[in-house]
Structure formats: C-alpha cells, structure tokens
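Heads up: the structure comes next, in structure tokens.
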Amino acid sequence: MAHPTIPELGPVTDREYLIHIGGFQQLQPQRIPAMHPEQIKAAIRMKDTTPARLADEMGLCASTFSMVIAGRGKSARVMNRIAEVTGIPVSTMWPEKPSLSRHGNGVAA
C-alpha cells in the first residue's frame, strides 16, 4: 500500500499525514461502562437473596440499597457488601467516573 501524498510535501508516513490533516489525536483511555442496575440485582438474586434482604441484614432501608445499585448514591459499606455477596468487584459494578477539574486552559477529564 502506498503512503499518502501531501501536495507540498510529497509521500509521507501515515502519522505525518494524520498530523497534517489535523486528525492525529492521542488515544484516551476508554472508560469501562458500569454494570446496569438490573444486572447487579440479577447477580444478587442469583446468590439466593434480594437487595431488600441485604438491606434488612445491614439495618438499612431498601431505598438506600436501590439508590446505590442505581448509581444515584454512594456507600462503600453497601457496595462492599454487594461485592462480597455477588463475588463481583466493586470496580466492575461501579467503575470510577472521571472527575472534571479546571486546569489552566480548560476542563480536563
């Protein structure tokens, strides 16, 4: 396969061509999507228990568990208990979300 040609430069490498046309971008690490709440609930049920039963065992209301499962609330205690019961790491069910912070020339993810 022939290398691309830039009229003013002649044949160039693929990388040089991408830089020339402005298409070269550093690869960004891909964010792993969180498990869907229904997948988490199914994993709990597959271990012969329910989110409500786990909440009751921990002395919490079921809505607290539901909010954590849905990703609308955070509780290390609840997340760790669900991970313990299901055998799925917390980082798989609820991966870290990139935080937005301002640094000099814009927003960095």
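Annotations
- Calculated FRET efficiency for the pair S66/I88, C-beta based, R₀ 30 Å, to 0.05: 0.95
- Packing, taken as the mean count of other beta carbons within 10 Å per residue, orders the peptides 62-68, 42-48 from highest to lowest as 62-68, 42-48.
Just so you know, all these numbers are worked out from the coordinates, no wet-lab data involved. Remember, predicted model here, so these are calculated numbers, not experimental data. Neighbour counts are summed over all protein chains in view; Cβ atoms, including those assigned to glycine, are modelled from backbone coordinates with ideal geometry.
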